[in-house]
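Worksheet: one structure, shown below.
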Amino acid sequence: MASFNGLRENINKGKYPRLGAGSGRVVFDLKNGYVIKAAKNKKGIAQNKAECAIAKNDQSSMFAKIIDVSEDYHFVIMEKADHVRSISEVWRYYEVRNNRELASLESFQKICTKHDLLMSDLYRRMNWGIVKGKPVIIDYGFTKETKKLY
């Protein structure tokens, strides 16, 4: 279990490079093969909760793994992925030519249905990363439920 107070302190001191941010969370590189997603607001906490629920209940290897989470869901630690420069990297891996074909794959339909995911989110390059040579979904907290609430 990580010391989330220590991590919060190091984030506040600027010890971790900022990798990106969305409307609800900021992502920092822990420089040890992992990232920490810090919620900025209630939407970010809801996204962290959603990612944790998906990670806990998913048997596929399509999502970046969550390593730890704070009790209040303010922080999630996840394996770090390399950048996907173009969504075509994902298409090549799954042997499709476009997003329509990606969406028609049974494995994608299954995870979207099972986890309440927005298929359109899977079309965005920024929601993907490469872990151990394989494209994985790195941002999967914006579910239909999260969208409805925020």
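The values are calculated or read from the model by the stated rules, or taken from the named source; none is laboratory data. Keep in mind the model is a prediction, meaning the values are calculated, not measured. Cβ: placed from backbone, ideal geometry, glycine included. Neighbour counts: every protein chain shown.
How many residues does the range 136-150 contain that are hydroxyl-bearing (Ser, Thr, Tyr) and in a helix (DSSP H, G or I)?
Summing the residues that are hydroxyl-bearing (Ser, Thr, Tyr) and in a helix (DSSP H, G or I) in the range 136-150 gives 1.
Going through the range 100-135 one residue at a time, which ones are closer than 22 Å to MET78 by Cα and either in a loop (DSSP other than H, G, I, E, B) or among the polar types (S, T, N, Q) (or both)?
Across the range 100-135, the qualifying residues are ASP116, LEU118, ARG124, ASN127, LYS132, GLY133.
Check off (1) part of a loop (DSSP other than H, G, I, E, B); (2) out of contact with any Lys or Arg (no Cβ under 8 Å at 6 or more places or on another chain); (3) of a type in the set (D, E, K, R) for ARG92 and give me the number that stays unchecked.
Among (1) part of a loop (DSSP other than H, G, I, E, B); (2) out of contact with any Lys or Arg (no Cβ under 8 Å at 6 or more places or on another chain); (3) of a type in the set (D, E, K, R), ARG92 violates only (1).
Across the range 104-150, what is the number of residues that are of a type outside the set (Phe, Trp, Tyr), without any contact (Cβ under 8 Å) to a residue 60 or more places away in the chain and closer than 20 Å to ARG85 by Cα?
11
Which one of these does GLU101 not meet: (1) within 20 Å of GLN59 (Cβ to Cβ); (2) over 15 Å from the mean Cα position of the chain (by Cα)?
(1)
Need the failing condition index for LYS80 against (1) under 25 Å from LEU149 (Cα atoms); (2) touching a residue at least 40 places away in the same chain (Cβ under 8 Å); (3) of a type in the set (Lys, Arg), just the number.
Answer for LYS80: the failing condition is (1).
Out of LYS42, LYS56, which single residue is farther than 14 Å from VAL131 by Cβ, among the basic types (Lys, Arg) and touching a residue at least 12 places away in the same chain (Cβ under 8 Å)?
Matching residue, one of LYS42, LYS56: LYS42.
Quick check, is ARG97 surrounded by fewer than 20 Cβ atoms within 10 Å (Cβ to Cβ) and either assigned to a loop (DSSP other than H, G, I, E, B) or touching a Gly at 6+ places or on another chain (Cβ under 6 Å) (or both)?
yes
So, restricting to strands (runs of 3 or more DSSP E) that lie completely within the range 1-88, which ones have at least 1 residues that are under 29 Å from GLU101 (Cβ atoms), at pLDDT below 95 and in contact with a Gly (Cβ under 7 Å, 6 or more places away or on another chain)?
Answer list for the range 1-88: none.
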